[in-house]
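Trainee: Dropping a structure here in structure tokens format, bear with me for questions.
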Amino acid sequence: MYNIIFITHNKHKFEEAYEKAKLFNINLQWINLEYEEIQDDSLEEIARSSCLKILELRPDLKDKSFFVEDAGLFINCLRGFPGPYSAYVFRTIGNWGILKLLHDVPDNERSAFFKSVIAYYHSGKIELFSGVIQGKIIKSLKGSQGFGFDPIFLPAGSNKTFAQMNKESKNLKGHRGKSLQELFTSLSKPPSSLKDR
Ligand code: ITT
């Protein structure tokens with residue numbers, strides 16, 4: 001059984017990842033660590049630099065395998081806002097603030113996507129994995145599961161928001177489920193079939 005560590009202070013993110021890891025027979029451990037995240041327009045840069053920051057703070061993790069994950073909601077009619085600034089925007093204006101910003105925007109112009117980027121550290125290297133889910137911002141909050149922007153995000157082809165789905169269904173469709181799938185699949189491959197290792 002593979003042991004890896006997910007470093008996040010977000011319990012919901014860990015729970016989603018834990019569920020997914022079980023399917024791959026991976027034992028996922030949680031380190032709930034607060035660290036300073038850089039501000040950048042790219043989730044990839046933020047995730048990569050978080051790994052480096054963590055190694056500075058916790059040199060004992062140099063010999064371990066761990067990952068961080070950075071995610072954001074990108075609303076097309078707002079030119080990708082809040083994107084990499086999603087945590088700040090959620091803390092400040094929240095779901096109601098987003099609904100207010102989109103108040104006059106018609107149904108066919110409310111498209112948005114979530115993106116998740118994982119930076120996985122092992123043996124002195126960092127590898128990136130990502131996942132995207134397309135959908136749209138609905139006009140009111142629906143559902144009570146999940147976290148963050150889940151109640152206002154309707155994935156394409158679904159009649160339920162992420163907040164109306166259980167973790168398993170969100171993981172099957174969602175951005176984080178997809179980036180985790182990429183990471184865990186790469187870990188499950190025999191070493192000889194892995195490129196650049
Ligand atoms: P860590 O950085 O400690 O992992 P975080 O909560 O700050 O936790 P992110 O920076 O990745 O996580 O996410 C930024 C925000 O985007 C997050 O606080 C949520 O409001 C929102 N978000 C991210 N993933 C989401 C999801 O799956 N569903 C709903 N909202 C999400």
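Trainee: Can you tell me which residue in segment 106-135 is surrounded by the fewest Cβ atoms within 10 Å (Cβ to Cβ), limited to those that are basic (Lys, Arg) and away from the ligand (no atom under 14 Å from the Cβ)?
Mentor: Checking each candidate, the answer is 125.
Trainee: Pairs please, first residue from segment 125-154 and modelled with pLDDT of 95 or more and basic (Lys, Arg), second anywhere and in a loop (DSSP other than H, G, I, E, B) and within 12 Å of the ligand (Cβ to nearest atom), Cβ atoms under 7 Å, 6+ apart in sequence or on different chains.
Mentor: That search, which allows pairs on different chains as well, returns 142/161.
Trainee: Any residue in segment 178-187 that is in a helix (DSSP H, G or I), of a type outside the set (Gly, Ala, Ser), at pLDDT below 95 and closer than 23 Å to residue 44 by Cβ?
Mentor: Looking for residues that are in a helix (DSSP H, G or I), of a type outside the set (Gly, Ala, Ser), at pLDDT below 95 and closer than 23 Å to residue 44 by Cβ, one finds at least one in segment 178-187, hence yes.
Trainee: Something else: Of a type in the set (S, T, N, Q), within 11 Å of the ligand (Cβ to nearest atom) and under 22 Å from residue 182 (Cα atoms): is that true of residue 10 in this structure?
Mentor: yes
Trainee: Taking segment 14-46 on its own, how many of its residues are crowded, with 19+ Cβ neighbours inside 10 Å and either at pLDDT below 95 or within 22 Å of residue 170 (Cα to Cα) (or both)?
Mentor: Count: 8.
Trainee: For segment 16-41, what are the residues that are within 11 Å of the ligand (Cβ to nearest atom) and under 14 Å from residue 180 (Cα atoms)?
Mentor: The answer is 16, 17.
Trainee: Continuing with the same structure: Does segment 52-67 contain any residue that is within 17 Å of the chain's Cα centre (by Cα) and more than 19 Å from residue 188 (Cα to Cα)?
Mentor: So far as segment 52-67 goes, no, none of its residues is within 17 Å of the chain's Cα centre (by Cα) and more than 19 Å from residue 188 (Cα to Cα).
Trainee: Oh, and also: For segment 65-80, what are the residues that are surrounded by fewer than 17 Cβ atoms within 10 Å (Cβ to Cβ) and either in contact with a Lys or Arg (Cβ under 9 Å, 6 or more places away or on another chain) or among the aromatic types (Phe, Trp, Tyr) (or both)?
Mentor: Hits for segment 65-80 are 76, 77.
Trainee: Could you please give the count of residues in segment 49-65 that are within 12 Å of the ligand (Cβ to nearest atom) and either among the basic types (Lys, Arg) or touching a helix residue (DSSP H, G or I) at 6+ places or on another chain (Cβ under 9 Å) (or both)?
Mentor: Qualifying residue count for the region: 2.
Trainee: Okay, next question. Failed condition for residue 44, given (1) more than 10 Å from the ligand (Cβ to nearest atom); (2) touching a Pro at 6+ places or on another chain (Cβ under 6 Å), with all others met?
Mentor: (2)
Trainee: Could you check segment 1-44 and list, in sequence order, the residues that are within 14 Å of the chain's Cα centre (by Cα), assigned to a helix (DSSP H, G or I) and free of Cβ contacts under 8 Å to residues at least 40 places away in the same chain?
Mentor: 11, 14, 18 - these are the residues of segment 1-44 that are within 14 Å of the chain's Cα centre (by Cα), assigned to a helix (DSSP H, G or I) and free of Cβ contacts under 8 Å to residues at least 40 places away in the same chain.
The values are calculated or read from the model by the stated rules, or taken from the named source; none is laboratory data. Everything numeric here is computed off the predicted structure, so don't read it as measured data. For neighbour counting, all protein chains shown are included, and Cβ atoms are generated from backbone atoms with ideal geometry for every residue, glycine included.
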